[in-house]
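Below you'll find the structure, written out as C-alpha cells, and then a few comments.
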C-alpha cells in the first residue's frame, strides 16, 4: 500500500477557556479539529474496538475510517483489546527497545510469556525496522495494521480520534505517524498507557494524556470521551 501524503494539522482557532486547567489543551485540540471556538460536544462519536486476534490490514482499517467519515462521525474513540503482544513487539522494534524495557520489570500474570515472545520476535523483525509495512507483515500484527490504517486515514479525512492506552493502539499510532507524517495532530491520548512500550510511543509522538489515573487497563479512551464532552458543556456555559 502506498504511504499516505503528509497530513496538515488542524488550523489554529481564536479563543480559549481560562480556568479550565488541564482540560485546556484537550479543548483547544477539539476546537482546532472542528475549526471553531468554542468546541462543540461530539454528537456522532463512534467507538471502534479492534481485537488483538483481528485479521485486519491497513486497507481494512482505512476503509473503516472512510466509512466513519462518510457517515458524519465527528469523533472516533479507538480501543485495541485482547492480546497485546503484537503491539509491544512492533513498538519495541520501531523504537529500538530491549524486551524488558518494552514489557517492564513488574512481574504480572503472563509477564514471562510476553517477554519471551517479544525477545524472540525482535530477532527476526528488527530487519524491517525502517519499513513499517514489511514489519507488520513479518510480525503478523494484523490488529496493529488495521488500527494503523484507521488512524492514518482518519487524519486525512479530518476526523479527530481519541486513543486508548493499549499497546496495540500505541504501536498502530507509531506506524500511522510514519506512513502519514503529521497524522498525530488529529489524535488525543485518552490516558497514560500502563505498558512501558506504549508509554514510550506516546513520548515519541508527543501525545499528552487527557487522563492520568494510573489505570492498569486500557480503558481511558471511553472515560476521556465523557470528560471531553462534559468539558465542552462547561465552556459553552462560560462563553454564554
* Asked: Is it the case that residue 56 is under 25 Å from residue 195 (Cβ atoms), part of a loop (DSSP other than H, G, I, E, B) and in contact with a strand residue (DSSP E or B) (Cβ under 8 Å, 6 or more places away or on another chain)?
  -> yes
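Is it the case that residue 61 is surrounded by 18 or more Cβ atoms within 10 Å (Cβ to Cβ), in contact with a helix residue (DSSP H, G or I) (Cβ under 7 Å, 6 or more places away or on another chain) and part of a loop (DSSP other than H, G, I, E, B)?
no
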* **Unique residue being at pLDDT 95 or above, crowded, with 20+ Cβ neighbours inside 10 Å and closer than 14 Å to residue 61 by Cβ when the list is 171, 200, 189** => 171
* Structure fact -> Picked from the stretch 90-118 (must be touching a residue at least 60 places away in the same chain (Cβ under 8 Å) and in a helix (DSSP H, G or I)), the residue surrounded by the fewest Cβ atoms within 10 Å (Cβ to Cβ) is 101
* **Contacts under 9 angstrom Cβ, first residue in the stretch 49-78 being on the phi < 0 side of the Ramachandran plot and free of Cβ contacts under 8 Å to residues at least 60 places away in the same chain, partner surrounded by 22 or more Cβ atoms within 10 Å (Cβ to Cβ) and part of a strand (DSSP E or B), 6 or more apart** => 49/78; 49/79; 49/80
* Residue check: is residue 72 outside any strand (DSSP E or B) and surrounded by fewer than 17 Cβ atoms within 10 Å (Cβ to Cβ)? -> yes
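The values are calculated or read from the model by the stated rules, or taken from the named source; none is laboratory data. Predicted model, so just to flag it, every value in this text is computed and none were measured. Because the Cβ atoms are built from the backbone with ideal geometry, glycine has one as well, and the counts that use them run over all protein chains shown.
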